[in-house]
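Enquirer: Have a look at the structure that comes next, please.
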Amino acid sequence: MAEKGEEFHHPSLRRSCLCRPINIPRTKPTNEVLNLIKDFCVTDKDLKEYMKLLMADLHKGLAKATHPKSIVKCYPTYIQDLPTGQEVGKFLALDLGGTNFRVLMIELQRNHFESISTTFVIPQEKMVGSGKDLFDHVAACLHIFIVEQKLESECMPLGFTYSFPLVQKALDRGLIERWTKGFKCEDILGDDVVKVLQEALIRRGIHKNVKIKAVLNDTAGTLMACAWKSPYCRVGLIVGTGTNACYVEKQQNAEMFDGQDHGGGIVLINCEWGAFGDDGSLNFIRRPEDDEIDKNSINPGRQLHEKMISGMYMGEIVRLLLLKCTKHGALFGGKASSELNQRDRFLTKYVSEIESDEPGKFDNCKAVLEELDLKNANESDYANVRYICEMVSRRAAYMCSAGLCTLIKKTGEKRVTVGIDGSVYRFHPHFHDLMMEKMSSLIKPGVVFDLMLAEDGSGRGAALTAASAL
Ligand code: BGC
């Protein structure tokens, strides 16, 4: 249970907000590693160029004439009503967007909410099989939840957090545009995802228990969940398995939006910024390791921005850099282990663990290297490995910072809270501070911002959106 108005800021923010001196450890590598990795540094000049390009792409995505060919799609979500705090009721929510799938029941009351959830695994073969198989699995999990919670005799409104690119046609209608993050159920591309889900519920015989009220992206859910607490929330960001952001736009600027204005004149825009750079615009900061990641992915040439930032790829980028340094004799005495040679073997969670070591101490780093069968690593290897992790996570945090400053500028607001969720932001020990530091230097003078960890945006945001549809 959580109370409205309760502090929900990131743990590091709780200590203090903008005025706390930021102290991010910077490990000293050997000169050889420094030289081999120096390309991974993005300068403020790079980030300013990035911001210019992203702003141009946002305009292209929003305008009717340029939208069809745009890379950053800026899909209108049909969410026009930010939460008022008056939303009440009991809702079901589905959260589909990563290797885990969640079913939730949320009860909204005026100043607090309660939620229960169950997490189910999505077997790999269902992520890349037929749409029918995937959604039959979704319906089967929902069925288990309904039975467990004794909801068989109820009909509850449902919000569906579907975290893939979707060409939304209404709050409860959206066409599947493409798959990302390791999913590939190509046979249902172009289909209305709500209809696909509804048909699976019918096959399972549970269609009378739910009424699908809304489909939304996880970034929109995050924004809604955060706006329930903060009146200044105008941007939602996810840095997890994938990355994406959404923001509040004026309907007059969102030319692809064809809904009826509810009176507020605004609409949430799902930027789908993971695709930024797919036309080559980010080549000036992409590196050979980024090419390698892309080449070996399930969706080559697509989601290039996401592949530089998000949790699905971060560990692998580090692994490629470790191998490069080892090949040059600058790490592990020039000898990699067979574990380290294995693709995707360096998990993204290792990056967070290694950077969680106290400066100058390497306990986690040592444990990770032992897991990778690199038992003969020495102190200088530890420092070098940590430095490589820092370079990769810092690049990701800086790119997110530049992206957020661009969106904040686009809102035209002078004070903006950003709601954020996702495993990278949540678990990396310095990601938040890196973003605070970089955004403070990139933000337009006179604009005040705040970064807020949105607790369970996918669940609560779905309930709030379904509530707005009622
Ligand atoms: C998807 C987005 C989603 C993001 C974060 C991306 O791969 O395209 O729709 O918001 O991941 O989950």
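Enquirer: Report whether or not Lys410 is part of a helix (DSSP H, G or I) and either modelled with pLDDT under 95 or surrounded by fewer than 24 Cβ atoms within 10 Å (Cβ to Cβ) (or both). I'd like the intermediate steps shown before the answer.
Expert: Details: part of a helix (DSSP H, G or I): yes; either modelled with pLDDT under 95 or surrounded by fewer than 24 Cβ atoms within 10 Å (Cβ to Cβ) (or both): yes.
It is true that Lys410 is part of a helix (DSSP H, G or I) and either modelled with pLDDT under 95 or surrounded by fewer than 24 Cβ atoms within 10 Å (Cβ to Cβ) (or both).
Enquirer: Still on this structure: I want to confirm something. Restricting to the range 130-187 and keeping residues that are among the β-branched types (Val, Ile, Thr) and within 23 Å of the chain's Cα centre (by Cα), which single residue is farthest from Ile202 (Cα to Cα)? It would help to see each step written out before you state the result.
Expert: First pass over the range 130-187, keeping only residues among the β-branched types (Val, Ile, Thr): 138, 144, 146-147, 161, 167, 176, 180.
After this cut, where a residue has to be within 23 Å of the chain's Cα centre (by Cα) as well, the list is 138, 161, 167, 176, 180.
Working: Val138: 12, Thr161: 19, Val167: 24, Ile176: 20, Thr180: 27 Å.
Per the stated criteria, the residue is Thr180.
Yes/no matrix, rows are residues, columns are (1) out of contact with any Gly (no Cβ under 7 Å at 6 or more places or on another chain); (2) within 21 Å of Ala402 (Cα to Cα):
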| position | (1), (2) |
| --- | --- |
| Phe257 | yes, no |
| Ile266 | yes, no |
| Ile269 | yes, yes |
| Ser281 | yes, yes |
| Gln303 | no, yes |
| Leu320 | yes, no |
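Enquirer: Looking only at the range 357-376, count every residue that is at pLDDT 95 or above and either under 15 Å from Met314 (Cβ atoms) or not polar (S, T, N, Q) (or both) and tell me the total.
Expert: 13
Enquirer: A further question follows. Checking the conditions here, which among Ser297, Ser281 is under 23 Å from the mean Cα position of the chain (by Cα), within 20 Å of Lys184 (Cα to Cα) and not β-branched (Val, Ile, Thr)?
Expert: On the way: Ser281 fails: within 20 Å of Lys184 (Cα to Cα).
None of the others qualify; the one that does is Ser297.
Enquirer: Since Ile188 meets every condition but one in (1) surrounded by fewer than 20 Cβ atoms within 10 Å (Cβ to Cβ); (2) away from the ligand (no atom under 16 Å from the Cβ), which condition does it not meet?
Expert: Looking at each condition in turn, Ile188 falls short on (2).
Enquirer: Exactly one condition in (1) of a type in the set (A, V, I, L, M, F, W, C); (2) assigned to a helix (DSSP H, G or I); (3) crowded, with 24+ Cβ neighbours inside 10 Å is not met by Leu434; state its number.
Expert: (3)
Enquirer: Within the range 98-130, how many residues turn out to be part of a strand (DSSP E or B), buried (at least 16 other Cβ atoms within 10 Å of the Cβ) and touching a Ser or Thr at 6+ places or on another chain (Cβ under 9 Å)?
Expert: 6
Enquirer: Collect the residues in the range 207-231 that are aliphatic (A, V, I, L, M) and either in a strand (DSSP E or B) or within 16 Å of the ligand (Cβ to nearest atom) (or both), keeping them in residue-number order. Walk me through it before giving the result.
Expert: Step one: filter the range 207-231 for residues aliphatic (A, V, I, L, M), giving 210, 212, 214-216, 220, 223-225, 227.
If the condition is that a residue be aliphatic (A, V, I, L, M) and either in a strand (DSSP E or B) or within 16 Å of the ligand (Cβ to nearest atom) (or both), then Val210, Ile212, Ala214, Val215, Leu216, Ala220, Leu223, Met224, Ala225 are the ones that fit.
Yes or no, residue by residue, for (1) modelled with pLDDT under 95; (2) in a helix (DSSP H, G or I):
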{"site": "Arg14", "(1), (2)": "yes, yes"}
{"site": "Cys17", "(1), (2)": "yes, no"}
{"site": "Arg26", "(1), (2)": "yes, no"}
{"site": "Pro29", "(1), (2)": "no, no"}
{"site": "Leu34", "(1), (2)": "no, yes"}
{"site": "Val42", "(1), (2)": "no, no"}
{"site": "Asp46", "(1), (2)": "no, yes"}
{"site": "Glu49", "(1), (2)": "no, yes"}
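Enquirer: Mind listing just one residue for me: the one in the range 166-184 that is within 14 Å of the ligand (Cβ to nearest atom) and among the hydrophobic types (A, V, I, L, M, F, W, C) and, of those, surrounded by the fewest Cβ atoms within 10 Å (Cβ to Cβ)?
Expert: First pass over the range 166-184, keeping only residues within 14 Å of the ligand (Cβ to nearest atom): 166-168, 174-184.
From what's left, among the hydrophobic types (A, V, I, L, M, F, W, C): 166-167, 175-176, 179, 183.
Numbers: Leu166: 24, Val167: 15, Leu175: 17, Ile176: 20, Trp179: 22, Phe183: 22.
Checking each candidate, the answer is Val167.
Enquirer: Additional query: Name the one entry in Lys195, Lys213, Lys184 that is in contact (Cβ under 8 Å) with a residue 40 or more places away in the chain and within 17 Å of Asp95 (Cα to Cα). Spell out the reasoning first.
Expert: Details: Lys195 fails: in contact (Cβ under 8 Å) with a residue 40 or more places away in the chain; Lys184 fails: within 17 Å of Asp95 (Cα to Cα).
Unique residue meeting the criteria: Lys213.
Enquirer: Search the range 148-172 for residues that are assigned to a loop (DSSP other than H, G, I, E, B) and pair each with any residue that is among the acidic types (Asp, Glu) when their beta-carbon atoms are under 7 Å apart and the residues are at least 6 apart or on different chains.
Expert: Within 7 Å, the pairs are Ser163/Asp218; Pro165/Glu177; Pro165/Glu272.
The values are calculated or read from the model by the stated rules, or taken from the named source; none is laboratory data. What you are looking at is a predicted structure, and each value in this text was computed from that prediction instead of being measured. Please note: Cβ atoms are built from the backbone with ideal geometry, for glycine as well, and neighbour counts cover all protein chains shown.
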